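Heads up: the structure comes next, in structure tokens.
The values are calculated or read from the model by the stated rules, or taken from the named source; none is laboratory data. Everything numeric in this text was worked out from a predicted model, so none of it was measured. Because the Cβ atoms are built from the backbone with ideal geometry, glycine has one as well, and the counts that use them run over all protein chains shown.
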Amino acid sequence: MKKVLNLFPMALMSLLVCIVGIFHLPTALAQEYPNRVVKIIVPFAPGGPSDIIARLLSQKLSENLGKSFIVENKPGGSANIGIAQVAKSPADGYTLLLVSSSFVINPSLFGNPGFDVFKDFAPIGMPVSSPNILVAHPSFPAKNMKELIALVKSNPGKFDYASPGNGTGPHLSAELLVLRANIDMKHIPYNGGGPALQAVLANQVPLGLSALPPAMSQISGGKLVALALTSKSRISTLPNVPTIAESGFPDFEGDTQQFVAAPVGTPKAIIDLLNSEMSKIVSSPEMKEKLTSMGYLISTPTPDQTSQIIKTEVDKWSKVIKSANIKPD
């Protein structure tokens with residue numbers, strides 16, 4: 001009996017050591033992070049605004065953290081396929097999601113998108129956002145919003161417009177314009193901003209609604225005509241392009257945000273590290289100038305602030321989807 005009693009303190013001490021070790025495990029893992037390749041899943045085809053910012057961030061994260069961050073494009077299902085893949089991934093920080101406003105739109109657009117934006121993800125940040133822009137092929141007869149509305153009204157159902165996909169921010173912005181202007185245009189969805197713009201460049205579709213970054217170089221080169229921005233006010237990089245709001249549709253506003261998130265349960269220390277690194281990257285003078293010239297707006301919210309932005313945006317787009325009776329294709 002005495003021998004057993006003597007063993008009790010040793011067993012208790014071992015148990016305490018194990019408990020302490022369990023509680024310190026996330027911190028230890030975070031201190032070692034990253035020790036292998038990190039995947040950034042973009043649920044769209046290459047060439048769109050999410051893909052562009054993912055590749056810029058992955059390059060700098062690789063340089064700053066000493067391990068490769070690689071981008072994998074997983075288009076399809078209006079972004080639901082790629083988002084759901086990340087939701088089901090291990091919560092270890094090695095599979096991340098970089099996604100546009102589809103992240104906050106799809107929960108209201110689809111009855112079951114395959115993920116729960118609040119229960120399945122730990123928000124990391126929203127490093128950038130960008131206005132959406134209405135563009136046309138140079139051969140399109142209308143060169144401004146007034147001419148566009150008049151042309152479409154006199155030819156109902158004749159003109160189509162391309163978007164990065166059903167339920168994306170540009171799509172909802174276009175549908176809002178259709179409602180507000182009382183015009184008839186058919187939506188042609190593509191798997192990402194890149195393919196949508198290519199369709200307009202090839203004049204397969206005369207009009208397109210896109211986030212600004214992938215369209216910027218084509219506008220500057222005269223290959224696309226910029227008709228109007230969805231932002232609240234004009235932007236310095238395109239000072240002569242009016243907003244839809246000032247073109248006869250007051251209070252019209254809609255930006256495309258770029259969210260970064262990890263599977264829920266990812267250690268907080270990893271979340272905070274990634275948020276801090278991304279904020280440093282987009283705030284550096286060199287990157288800030290580059291992103292601004294491409295049409296991005298810099299943003300550095302904390303993970304908690306990003307969570308609040310997501311909640312606000314989900315509520316906002318839910319109301320738009322219901323009032324416009326927008327259904328998935």
query = Picking from PHE121, PHE44, PHE115, which residue would you name as being within 21 Å of THR306 (Cβ to Cβ), of a type in the set (Phe, Trp, Tyr) and at pLDDT below 95?
reply = PHE44
task = Check off (1) of a type in the set (A, V, I, L, M); (2) assigned to a helix (DSSP H, G or I); (3) without any contact (Cβ under 8 Å) to a residue 60 or more places away in the chain for ILE70 and give me the number that stays unchecked.
result = (2)
query = Got a number for residues in segment 310-327 being surrounded by 17 or more Cβ atoms within 10 Å (Cβ to Cβ) and at pLDDT below 85?
reply = 2
task = Please determine, by comparing only the residues of segment 268-309 that are over 17 Å from ILE52 (Cα atoms) and aliphatic (A, V, I, L, M), which one is surrounded by the most Cβ atoms within 10 Å (Cβ to Cβ).
result = LEU274
request  = Just give me the residues in segment 142-187 being within 20 Å of the chain's Cα centre (by Cα) and either part of a loop (DSSP other than H, G, I, E, B) or surrounded by fewer than 18 Cβ atoms within 10 Å (Cβ to Cβ) (or both), in sequence order.
outcome  = PRO164, GLY165, ASN166, GLY167, THR168
task = Considering only segment 212-309, give the helices (runs of 4 or more DSSP H) lying wholly within it that have at least 2 residues that are basic (Lys, Arg).
result = 268-283, 285-294
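Of the residues VAL99, VAL104, VAL135, only one is in contact with a strand residue (DSSP E or B) (Cβ under 7 Å, 6 or more places away or on another chain), of a type in the set (A, V, I, L, M, F, W, C) and assigned by TED's automatic domain parsing to the domain that holds GLY265; which? So that I can check it myself, show each step before the final result.
Details: VAL104 fails: in contact with a strand residue (DSSP E or B) (Cβ under 7 Å, 6 or more places away or on another chain); VAL135 fails: assigned by TED's automatic domain parsing to the domain that holds GLY265.
The conditions single out VAL99.
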